[in-house]
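Here is the structure we will look at, set down as structure tokens.
The values are calculated or read from the model by the stated rules, or taken from the named source; none is laboratory data. Remember, predicted model here, so these are calculated numbers, not experimental data. Every residue, glycine among them, receives a Cβ derived from its backbone with ideal geometry; neighbour counts consider all protein chains shown.
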Amino acid sequence: MKKVALFTTFFEVESGYSLVSVAETQLRMLLDNGYEPVVLVQENFQEPDPPSLWRKETLDIRPVVPFMHLDDGVSDHFEERVATIKDALAEALADVDVCITHDIILQQFYKEHNVAMRQYAESRPGLLWLHWIHSCPTPGEADYPESCRYTPPPGYIIYPNAGDLSRVCQTYQLHGQEWRAIANRSAHAIDPLSVWPYDKLTKDIVTKTDLLGGEVVAVYPVRLDRGKQPEKIIRLMAGVKHLDYEPRLLIVDWQSQGDRFQKYINELGALAYELGLLGKVHFTSRTDDRCSQGVPRRVVMELMDLSNVYVHPSRIETYSLTVHEAMLRGCLCVLNHDLPVMRELWGSNAIYMDFESDRTNRTYEPSEQAFWNDEAVRLLAELHQNRAVRAKVMARRAWSPAAMWKLFVPLLHLPPVGAS
């Protein structure tokens, strides 16, 4: 496995500087996939308090980058400063196969680092350089050392979109070597579980149930009385799967440890298995021992935040706080048309399906499952029309670090290329 390093100029990581979050994403991706990344930081680096990813117990942090006051001009001691940085790189990167930089070749005030990196690269032709830049570069001309901002660096230039690659190639004079500029958005992945201080229990439940792997994700907080009809949601999710989409249903069962509740859970599990939903339907009381008697309300809210659909098939209801809460979390709500109070309370802010009620019995034709397969088509049509919900699904599934790893890892195996 390759040894990968990030060459940064960070002296702290708590200010919210976006480049820190991008670097942290790359480090977490490497750690999650078995790598032991190195990160070069300034010699005056301050570990955050309280501890986070940025601690020596987790990362190979090497505080070797010399601290120096940077400015737009050229220092009278420029070459001495370059030599100091070059020596630091030679020591810190001796055991490294791949070195990632961020904006070192772009920003004018990193000219010493840019030149030092190029000089060191000449002595390490087998070292792969991946230079991420995060602003659209402007073509230009300048004398040395500013000219290094307009000439090809060793290795490759990585840019988050393809639309500006021609500008990147023009700026860095990659005529005939356009393949050295690569569009890749992997460093801008966001872990849905890290953007908010989610409870540890929330994170554990989400991980155990692969909740984020679903395209249609429903959370149903309920005391498992048969009048709550969770079997109707299971059938609807089977319809979703029938259409080749990935469903997830998490039933947050509250105080359901009695024999009659356990028997009901067994029946629901058997139905899910019969309908091909093995691994797609989960009960919190059987997912985590901490949930044997229920789940804290904060955790329920967080689980809803990570879902996109709330289905409420209950046969009888006076209000339903969970519908209200689901709407607050931005979920598409699917409510019971056969309960007039649902339409009175929530109006056109939800879609409605025929779940039956204490007032209306239904005969589903040609079969109950065929009916819910058809309703799944309507549910998916609604989801696709709602851009906000659709974008939420994409951000959670397709733009996460786990999904973006397959775009990131091939870059680590590119052949080294010298400056030209």
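Among the residues of the stretch 369-380, is there at least one that is touching an Asp or Glu at 6+ places or on another chain (Cβ under 9 Å), assigned by TED's automatic domain parsing to the domain that holds Ala272 and among the acidic types (Asp, Glu)?
Looking for residues that are touching an Asp or Glu at 6+ places or on another chain (Cβ under 9 Å), assigned by TED's automatic domain parsing to the domain that holds Ala272 and among the acidic types (Asp, Glu), one finds at least one in the stretch 369-380, hence yes.
Between Asp76, Asp97, which is farther than 20 Å from Tyr150 by Cβ and modelled with pLDDT of 95 or more?
Numbers: Asp76 fails: modelled with pLDDT of 95 or more.
On inspection, the qualifying residue turns out to be Asp97.
Conditions (1) touching a strand residue (DSSP E or B) at 6+ places or on another chain (Cβ under 8 Å); (2) exposed (fewer than 15 other Cβ atoms within 10 Å of the Cβ), marked per residue:
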| site | (1), (2) |
| --- | --- |
| Ser194 | no, no |
| Arg226 | no, yes |
| Gly239 | no, no |
| Val252 | yes, no |
| Ala272 | yes, no |
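Name the one entry in Tyr245, Tyr264 that is within 18 Å of Ala395 (Cα to Cα) and of a type in the set (Phe, Trp, Tyr). Don't jump to the end; show me each part of the working.
Details: Tyr264 fails: within 18 Å of Ala395 (Cα to Cα).
Among Tyr245, Tyr264, only Tyr245 is within 18 Å of Ala395 (Cα to Cα) and of a type in the set (Phe, Trp, Tyr).
Answer yes or no: is there a residue in the stretch 154-164 that is farther than 17 Å from Leu407 by Cβ, surrounded by 18 or more Cβ atoms within 10 Å (Cβ to Cβ) and of a type outside the set (D, E, K, R).
yes
Consider the stretch 25-56. How many of its residues are surrounded by fewer than 17 Cβ atoms within 10 Å (Cβ to Cβ), modelled with pLDDT of 95 or more and among the aliphatic types (A, V, I, L, M)?
1
If Ala370 satisfies all but one of (1) in a helix (DSSP H, G or I); (2) surrounded by fewer than 12 Cβ atoms within 10 Å (Cβ to Cβ), what's the number of the condition it fails?
Condition (2) is where Ala370 drops out.
Where residues in the stretch 401-420 are more than 16 Å from Ala5 (Cα to Cα) and not in a helix (DSSP H, G or I), which of them is modelled with the highest pLDDT? Walk me through it before giving the result.
In the first step, residues of the stretch 401-420 are kept if they are more than 16 Å from Ala5 (Cα to Cα); the result is 401-407, 415, 417-420.
Then keep just the ones that are not in a helix (DSSP H, G or I); that gives 415, 417-420.
Working: Pro415: 97, Val417: 93, Gly418: 83, Ala419: 75, Ser420: 68.
Here the answer is Pro415.
Among (1) in contact with a Phe, Trp or Tyr (Cβ under 7 Å, 6 or more places away or on another chain); (2) crowded, with 19+ Cβ neighbours inside 10 Å; (3) within 17 Å of Gln229 (Cα to Cα), which single condition is Ser357 missing?
Of (1) in contact with a Phe, Trp or Tyr (Cβ under 7 Å, 6 or more places away or on another chain); (2) crowded, with 19+ Cβ neighbours inside 10 Å; (3) within 17 Å of Gln229 (Cα to Cα), only one is false for Ser357: (1).
Can you find even one residue in the stretch 172-184 that is closer than 26 Å to Leu380 by Cβ and crowded, with 17+ Cβ neighbours inside 10 Å? First the steps, then the outcome.
Keep residues of the stretch 172-184 that are closer than 26 Å to Leu380 by Cβ, which gives none.
Within the stretch 172-184, not a single residue is closer than 26 Å to Leu380 by Cβ and crowded, with 17+ Cβ neighbours inside 10 Å.
Going by what's in this entry, would Ala398 be described as surrounded by fewer than 12 Cβ atoms within 10 Å (Cβ to Cβ) and closer than 30 Å to Lys3 by Cα? Write out each step before concluding.
Values: surrounded by fewer than 12 Cβ atoms within 10 Å (Cβ to Cβ): yes; closer than 30 Å to Lys3 by Cα: yes.
Yes; evaluated as a whole, the condition is true for this residue.
Is it the case, given these coordinates, that Asp60 is touching a strand residue (DSSP E or B) at 6+ places or on another chain (Cβ under 8 Å), touching a residue at least 24 places away in the same chain (Cβ under 8 Å) and of a type in the set (D, E, K, R)?
Numbers: touching a strand residue (DSSP E or B) at 6+ places or on another chain (Cβ under 8 Å): yes; touching a residue at least 24 places away in the same chain (Cβ under 8 Å): yes; of a type in the set (D, E, K, R): yes.
So Asp60 fits the description; yes.
On the basis of being in contact (Cβ under 8 Å) with a residue 40 or more places away in the chain, crowded, with 18+ Cβ neighbours inside 10 Å and assigned by TED's automatic domain parsing to the domain that holds Leu303, does Ser320 make the cut? Before the answer, list the steps.
Working: in contact (Cβ under 8 Å) with a residue 40 or more places away in the chain: no; crowded, with 18+ Cβ neighbours inside 10 Å: yes; assigned by TED's automatic domain parsing to the domain that holds Leu303: yes.
Judged against the criteria, Ser320 is not a match.
Counting residues that are of a type outside the set (D, E, K, R) and farther than 15 Å from Leu303 by Cα, which helices (runs of 4 or more DSSP H) fully inside the stretch 200-287 reach at least 3?
Values: elements: 200-209, 230-242, 259-274, 284-287.
Because the criterion is at least 3 residues that are of a type outside the set (D, E, K, R) and farther than 15 Å from Leu303 by Cα, the helices (runs of 4 or more DSSP H) in the stretch 200-287 that meet it are 230-242, 259-274.
Quick test for you: out of Leu40, Leu93, Leu31, pick the one residue that is under 28 Å from Ile182 (Cα atoms), without any contact (Cβ under 8 Å) to a residue 60 or more places away in the chain and in contact with a strand residue (DSSP E or B) (Cβ under 9 Å, 6 or more places away or on another chain). Before the answer, list the steps.
Working: Leu93 fails: without any contact (Cβ under 8 Å) to a residue 60 or more places away in the chain; Leu31 fails: in contact with a strand residue (DSSP E or B) (Cβ under 9 Å, 6 or more places away or on another chain).
The unique qualifying residue is Leu40.
Consider Leu383 against the criteria (1) in the same structural domain as Leu335 (by TED's automatic domain parsing); (2) over 30 Å from Leu321 (Cβ atoms); (3) part of a helix (DSSP H, G or I): it satisfies all of them except one. Which criterion is unmet?
(2)
What number of residues in the stretch 62-97 are in contact with an Asp or Glu (Cβ under 8 Å, 6 or more places away or on another chain) and either β-branched (Val, Ile, Thr) or surrounded by fewer than 18 Cβ atoms within 10 Å (Cβ to Cβ) (or both)?
11
Looking at the stretch 228-259, which of its residues are of a type in the set (Ser, Thr, Tyr) and either at pLDDT below 95 or not assigned by TED's automatic domain parsing to the domain that holds Asp210 (or both)?
The first filter runs over the stretch 228-259 and keeps only residues of a type in the set (Ser, Thr, Tyr), leaving 245, 256.
Scanning the stretch 228-259 gives a single hit, Ser256.
Quick check, is Ser314 touching a Lys or Arg at 6+ places or on another chain (Cβ under 6 Å), in a loop (DSSP other than H, G, I, E, B) and in contact (Cβ under 8 Å) with a residue 24 or more places away in the chain? Show your work before the answer.
Values: touching a Lys or Arg at 6+ places or on another chain (Cβ under 6 Å): yes; in a loop (DSSP other than H, G, I, E, B): yes; in contact (Cβ under 8 Å) with a residue 24 or more places away in the chain: yes.
Considered against the rule, which asks whether it is touching a Lys or Arg at 6+ places or on another chain (Cβ under 6 Å), in a loop (DSSP other than H, G, I, E, B) and in contact (Cβ under 8 Å) with a residue 24 or more places away in the chain, Ser314 comes out as yes.
Where the second residue is surrounded by fewer than 17 Cβ atoms within 10 Å (Cβ to Cβ) and in a helix (DSSP H, G or I) and the first is β-branched (Val, Ile, Thr) and lies in the stretch 189-201, which pairs have Cβ atoms under 8 Å and are six or more apart or on separate chains?
Qualifying pairs under 8 Å: Ile190/Ala395.
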